[in-house]
Amino acid sequence: MTETDKPVTTDPRAQRDKVIRQRNVALALVLGFFVVLFFAITIVKMKM
Amino acid sequence: MTQPSTAALPLPAEWRDFFALTKPRVMSLVIFTGLCGMLAAPEQIHPVLAFTAILCIALGAGGAAALNQWWEADLDAGMRRTKNRPLPAGRMDKTSARDFGVGLSAASVLVMGLAIGWLAAVILAVSIVYYAVVYTIWLKPRTPQNIVIGGGAGAFPPLIGWVAATGHITLMPVLLFAIIFMWTPPHFWALALFVQSDYAKVGIPMMPVVAGEASTRKQILVYAVLLLPLTLVPWWIGGTGRVYGISAAVLSTVFLALSARVALRRRTGEDDAMKPEKQLFAWSVIYLFALFAALVADRWTVMQG
């Protein structure tokens, strides 16, 4: 197969996997952020 | 059992589309006024809790915006300004948008209640319901006064910010609420004057569509006239100092002058560029930022003097 026979960017499965991976990374970052935030809130509340 | 092929499944929405669903540009004004309400309050709040409160205000606004777009997806598809949003463009299904909106809204209220206080959480919940239900579902498709009453939704952030810092409601945060409430009609009607063909197309009874341009222009002036003394009340009652008072007087006078120019003119024809209306809309955004910045600057001046 030649290079032109592989439409990588239009492969629905590859595109779908990419979108899901990006969503998972974004969700992990959000969850990690909230873990840190809740920890910080707890420390602040304990000192009040 | 056979599995459906991956190619047959719809492409899931990207994280960028969920972010776009929160109306980030509107959120910036919400965050700013909420932060100013908090900074202008007479009591100080721990920076971590202040950050959490502002985050909750932002998440609540984002959740309400997502619910607004979920409900209005069909209307958005018919307007040039909104047809590329995630739902009308077909990049997201309606159920995802609804669940995202409900999740963000519930999380924001819960975190606000647990971390900051339940009075601030209740006001945040009221503001979300006010925007998503009272304005979006009930008023917007029914009455040309939708903007007047619905403007209350955008007026909540400084009130929530103030209550998050102090734990109680006084006259000052209610005045801040009233200022944004009174600012909203001329701000949105100026926009509606130069995008009115879009609103008319989807049957939203915006004031220029129902009452006509002349009446809308007159009402813009009425609200601008009422806004000027209202912005000075915090100074008159001693809630703020001269920095705010003079800033409010200057900013509101310019707002009134631009509103008067819009009120006294008529559209010259179909090719009218609507420059005065666009200038009033642009100034209305600058005006609110500047007015609340002056409020915070005044507070810092008082604290240091």
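Can you work out which of the residues in segment B:103-119 that are of a type outside the set (Gly, Ala, Ser), more than 18 Å from B:Glu14 (Cβ to Cβ) and touching a helix residue (DSSP H, G or I) at 6+ places or on another chain (Cβ under 7 Å) is surrounded by the most Cβ atoms within 10 Å (Cβ to Cβ)? Spell out how you get there, then give the answer.
Applying the first criterion (of a type outside the set (Gly, Ala, Ser)) to segment B:103-119 yields B:104, B:109-112, B:114, B:116, B:118-119.
Checking which are more than 18 Å from B:Glu14 (Cβ to Cβ) leaves us with B:109-112, B:114, B:116, B:118-119.
Restricting the remaining residues to those that are touching a helix residue (DSSP H, G or I) at 6+ places or on another chain (Cβ under 7 Å) gives B:109, B:111-112, B:116, B:119.
On the way: B:Val109: 24, B:Val111: 22, B:Met112: 27, B:Ile116: 23, B:Leu119: 17.
Restricting to residues being of a type outside the set (Gly, Ala, Ser), more than 18 Å from B:Glu14 (Cβ to Cβ) and touching a helix residue (DSSP H, G or I) at 6+ places or on another chain (Cβ under 7 Å), the top hit is B:Met112.
Pairs please, first residue from segment B:67-79 and over 16 Å from B:Ala200 (Cα atoms) and buried (at least 18 other Cβ atoms within 10 Å of the Cβ), second anywhere and at pLDDT below 90 and of a type in the set (Ser, Thr, Tyr), Cβ atoms under 6 Å, 6+ apart in sequence or on different chains.
Once the first residue is over 16 Å from B:Ala200 (Cα atoms) and buried (at least 18 other Cβ atoms within 10 Å of the Cβ) and sits in segment B:67-79, no partner that is at pLDDT below 90 and of a type in the set (Ser, Thr, Tyr) comes close enough.
Within segment A:9-33, count every residue that is more than 8 Å from every other protein chain (Cβ to nearest Cβ) and surrounded by 14 or more Cβ atoms within 10 Å (Cβ to Cβ).
Qualifying residue count, segment A:9-33: 2.
Among residues belonging to segment B:13-45 that are within 11 Å of chain A (Cβ to nearest Cβ) and surrounded by 15 or more Cβ atoms within 10 Å (Cβ to Cβ), point out the one that is farthest from A:Ala40 (Cα to Cα).
Filtering segment B:13-45 for residues that are within 11 Å of chain A (Cβ to nearest Cβ) and surrounded by 15 or more Cβ atoms within 10 Å (Cβ to Cβ), the one farthest from A:Ala40 (Cα to Cα) comes out as B:Ala13.
If you go through segment B:199-215 one residue at a time, do you hit one that is part of a helix (DSSP H, G or I), over 24 Å from B:Arg261 (Cα atoms) and out of contact with any Gly (no Cβ under 8 Å at 6 or more places or on another chain)?
Initial filter on segment B:199-215 (part of a helix (DSSP H, G or I)): B:199-202, B:207-210, B:213-215.
Within this subset, residues satisfying the condition of being over 24 Å from B:Arg261 (Cα atoms) are B:200-202.
Filter once more, keeping what is out of contact with any Gly (no Cβ under 8 Å at 6 or more places or on another chain): B:200.
Yes, some residue in segment B:199-215 is part of a helix (DSSP H, G or I), over 24 Å from B:Arg261 (Cα atoms) and out of contact with any Gly (no Cβ under 8 Å at 6 or more places or on another chain).
Checking B:Ala164 against (1) farther than 16 Å from B:Ala66 by Cβ; (2) within 17 Å of the chain's Cα centre (by Cα); (3) touching a residue at least 40 places away in the same chain (Cβ under 8 Å), which test does it fail?
It is condition (2) that B:Ala164 fails.
The values are calculated or read from the model by the stated rules, or taken from the named source; none is laboratory data. Owing to the predicted nature of the structure, the values given are computational and were not obtained by experimental measurement. Glycine gets a Cβ as well: all are built from the backbone with ideal geometry, and neighbour counts include every protein chain shown.
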